[in-house]
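FYI, it's all coordinate maths here, none of it is from the lab. On a predicted model such as this, the values are computed, not experimentally measured, just so you know. Here Cβ is always computed from backbone atoms with ideal geometry, including for glycine, and neighbour counts include all displayed protein chains.
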Amino acid sequence: RFVSYGQRKAIAAALKTVYTAPTVDAATEAFEEFANSTLGQSNPTTVIAWRNAWERFIPFLAFPPELRRII
């Protein structure tokens with residue numbers, strides 16, 4: 001919906017570093033790297049969607065990585 005079909009895999013791989021980050025600080029840093037990258041700048045709606053959902057996303061990082069895969 002927010003990303004063209006041709007860029008889905010690249011963006012999913014880039015955002016994987018965000019949702020697999022061990023801490024909130026690491027996730028924030030990874031997201032900012034994505035937002036400032038060429039992919040992030042060419043897909044501003046994706047960046048905006050993540051920024052708008054950030055407060056709802058943070059509690060997810062409290063779970064251990066093994067449990068995140070199930071959720």
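Here are the numbers for the structure shown:
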| item | result |
| --- | --- |
| Stokes-Einstein D for the chain, Kirkwood Rh over Cα pairs, 25 °C, 0.890 mPa s (µm²/s) | 195 µm²/s |
| Ascending count of other beta-carbon atoms within 10 Å, so fewest first, for S4, S37 | S4, S37 |
